[in-house]
Amino acid sequence: MPRPDSLAAGPGTLLVEVAVPVPLDQFFTYRWTPGGADESPPARGDLVVAPFGRRRRVIGLVVAVRPAGETEVTVGGHDIRPLERVLPPAYRLASDRLRLAEWLAAYYALPLGEVVPLFHPPDPGTRRRASRAPTPAYPLQDGTAEIVLSAAQQAATSAALQQLDDGHFGVVMLHGITGSGKTEVYLQVIGEALARGRGALFLLPEIALTPQTLARIVARFGPVAATVHSGLSSGERCRVHEAAAAGEVRLVVGPRSALFAPVRDLGVIVVDEEHETSYKQEEKPRYHARHAALARGREAGAVVLLGSATPDLESWDNGRRGAYRLFTLTDRPVGVLPDVEVVDLRGEQAPDGFSPRLTEALAAELNEGRQAILYYNRRGFARSLQCAACGRADACPSCDIGLVYHLRPRRLLCHYCGFSRAAPVACSHCGGRDFLPAGGGTERLELSLQATFPGVKVLRLDQDTTRRRGSHARILGAFAGARAQILVGTQMVAKGHHFPGVGLVGVLAADDGLTLPDYRADERAFQLLTQVAGRTGRVRPGLVIFQSWQPDHPIVRLAAHHDYAGFAEAELANRRALGYPPARRLLRIAVASRRAAAAQQGVDELAGVLREGLTGGDREVLGPAPGVFARLQDRHRWQVLIKGTLGSAQKRWLAACAKATEARVGGVEVLIDVDPVGLY
Ligand code: ADP
Ligand code: ZN
């Protein structure tokens, strides 16, 4: 359709301020001229397609609109360009979503425009043929009709419904081991909310790892429920978005990105496994979906349900202080908690990582016709391929990290940048021709199991076996359908599956991860051990074996006793003593450059500026210090930590300082990470 492009502003011409997804802390002015028959004038909250730069088109958010003066055709000496089009009303950011966008920008020190892509599908308005969602290869075990809530489930449900009926924001926290009936509470509350005409969001940490929960929700609520995730086609994502905006879809389920769906009259937001780090988006725009869910709940007047067997310490702290209503589900409606045996690896012969006790327990389970899960948190065949003569092993040329030995195909791999090369014939240091695979890996465990238990079907679940689309579901489905007896894998095996046939869980190295130089290392290790232990005992008493080099380590002991409260109390005391979250807030500034000197100069300058500018309050600027991984992907890495509370004005100032450093020191990238979940 032709557009009047003359330089005089005609009657009805509007000037439109647009937040555009670029890393600049400003809005851009466009003009809109009446004429297009299909277009009503843009208003605050609308999404628009606008030209940007020479040949880019971007999707931006309208923040303000005013009539154009008759001669007002330039801004700062530039012609004001026309908007290309206004997206249909289904894509408008109304009330709670608009305020959420503003909160995200302020809290995470981002230009408003940079959070806009979270709020729409990649190609809004596309109407390609909708793809069919893959049917999960799962036996559904949800009987549903017969469920009578336990007293604890009933109490939690009533509290959430009370909150819903009060009509303002509140948080209900469910602490309960896997299988204690949390999901049932979420579903009850959602059912009641839908019956009252309210909408709901259900966040899951990783969609590929939770096909059962997904199938259960969809089975319960039918077509008013829809899932969104990155595996859907653009057309399908648009369809769900538009159906939610129209009120046809009233429950949206998915990973963190589902939080932004335009569900109407939002009454409930569920954040399942709320402690999971996958709720943190580590690329731009960085945000934490749990925190953002609380913000959206506040803006929408909705009740937020957080649930976990091992709550994030911040959530737990809020629960014990009464800021959240905390409910503990202690019993499993079905099955009991497994016994945990700790096997001391010191002085023990453990060929290929298997102690005699674990091998014996495995043999017993297999004899009984039951299944087993084995967990080891490293993929590949061996941690390194060591020269038998000089003992050295090769590191990645771009990262200061050792290469991992893989057998199929036989290569050395960097697990950080993906660098790979053929396994060497001769040692690059001494020319030696004999090599020893040192340390374990899931591939080695799989081969070792096949040798020990010939005829037993072993499946492996790790990044290497799940590269192809749908392979997760295939592996999990085969195991759930008892077409294999042993599932071995990385932390992927620890996530929310229900496998009634599993009688044994083996953790090959329970103290793995306890030595990471990160204040959250213990929390992460405790969570993983608890989660993986929860994979058994669903139907009959199960057995868990932790193999450990430090059997007396408090984390190993507390996890073996399923003692979350004991863990939380000890860890909170540590955090208070050291001034780490949740006692104090944390903000990480990472500086990286291909040139070592530039990285150092950049971080020194920036740290100096921050020290001067952020005095007062409870704030403290720590560092600069080299990153835990001092060089990754050819980038030298440094960081500065800020402890204490920063207001949005200070964060904005911080972002400006970061930009100034990038401008002053060539080839330096500065990244601001508010509430980091890891310090590497
Ligand atoms: P979680 O979410 O804590 O892992 P679920 O809600 O999935 O626990 O419950 C575990 C199993 O117990 C599921 O099969 C569920 O259908 C069943 N279940 C939950 N609550 C009850 C109940 N009150 N009575 C009978 N079965 C229940
Ligand atoms: Zn590398």
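The values are calculated or read from the model by the stated rules, or taken from the named source; none is laboratory data. The model shown is predicted, which means the values in this text are computed figures rather than measured ones. Note that each Cβ is placed from the backbone with ideal geometry, even for glycine, and that neighbours are counted across all protein chains shown.
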Selection status of residue 539, hydrophobic (A, V, I, L, M, F, W, C) and either within 16 Å of ligand 1 (Cβ to nearest atom) or modelled with pLDDT under 85 (or both): yes
Going by the structure shown, is residue 374 in a strand (DSSP E or B), of a type outside the set (Asp, Glu) and closer than 30 Å to residue 592 by Cβ? no
Here is a check on your reading of the model: is residue 380 surrounded by 19 or more Cβ atoms within 10 Å (Cβ to Cβ), on the phi > 0 side of the Ramachandran plot and within 16 Å of ligand 2 (Cβ to nearest atom)? yes
Of those in segment 513-558 that are touching a Gly at 6+ places or on another chain (Cβ under 6 Å), part of a loop (DSSP other than H, G, I, E, B) and among the small types (Gly, Ala, Ser), the residue farthest from residue 181 (Cα to Cα) is 542
Could you tell me whether segment 442-465 includes any residue that is within 14 Å of ligand 2 (Cβ to nearest atom) and in contact with a Lys or Arg (Cβ under 6 Å, 6 or more places away or on another chain)? no
Every residue in segment 573-588 that is within 16 Å of residue 320 (Cα to Cα) and assigned to a helix (DSSP H, G or I), please. 573, 575, 576
Restricting to segment 392-421, and then to whatever is of a type outside the set (Gly, Ala, Ser) and in a strand (DSSP E or B), can you tell me which residue is surrounded by the most Cβ atoms within 10 Å (Cβ to Cβ)? 405
Tell me whether segment 613-635 contains one or more residues that are crowded, with 17+ Cβ neighbours inside 10 Å and part of a loop (DSSP other than H, G, I, E, B). yes
Suppose we filter segment 591-612 for residues that are surrounded by 18 or more Cβ atoms within 10 Å (Cβ to Cβ) and assigned to a loop (DSSP other than H, G, I, E, B); how many remain? 0
State whether one or more residues within segment 250-265 are on the phi > 0 side of the Ramachandran plot and part of a loop (DSSP other than H, G, I, E, B). yes
Taking the options 300, 295, 350, 361, name whichever one is in contact with a Leu (Cβ under 7 Å, 6 or more places away or on another chain), more than 16 Å from ligand 1 (Cβ to nearest atom) and under 30 Å from residue 486 (Cβ atoms). 361
Meets criteria (of a type in the set (Val, Ile, Thr), out of contact with any strand residue (DSSP E or B) (no Cβ under 9 Å at 6 or more places or on another chain), near ligand 1 (Cβ under 10 Å from one of its atoms) and modelled with pLDDT under 90) for residue 213: no
Taking the condition without any contact (Cβ under 8 Å) to a residue 40 or more places away in the chain and surrounded by 14 or more Cβ atoms within 10 Å (Cβ to Cβ), does residue 460 pass? yes
State which residue pairs qualify: first residue without any contact (Cβ under 8 Å) to a residue 40 or more places away in the chain and inside segment 618-647, second residue part of a loop (DSSP other than H, G, I, E, B) and not charged (D, E, K, R) in any location, beta carbons under 8 Å apart, and separation of 6 or more residues or different chains. 618/644; 618/645; 619/644; 619/645; 619/646; 621/614
Check 451, 389 and return the single one that is part of a loop (DSSP other than H, G, I, E, B) and farther than 18 Å from residue 490 by Cβ. 389
Look at segment 592-628 and say how many of its residues are of a type in the set (Asp, Glu) and at positive phi. 0
Can you go through 245, 261, 200 and tell me which one is surrounded by fewer than 23 Cβ atoms within 10 Å (Cβ to Cβ) and either within 16 Å of ligand 2 (Cβ to nearest atom) or hydrophobic (A, V, I, L, M, F, W, C) (or both)? 245
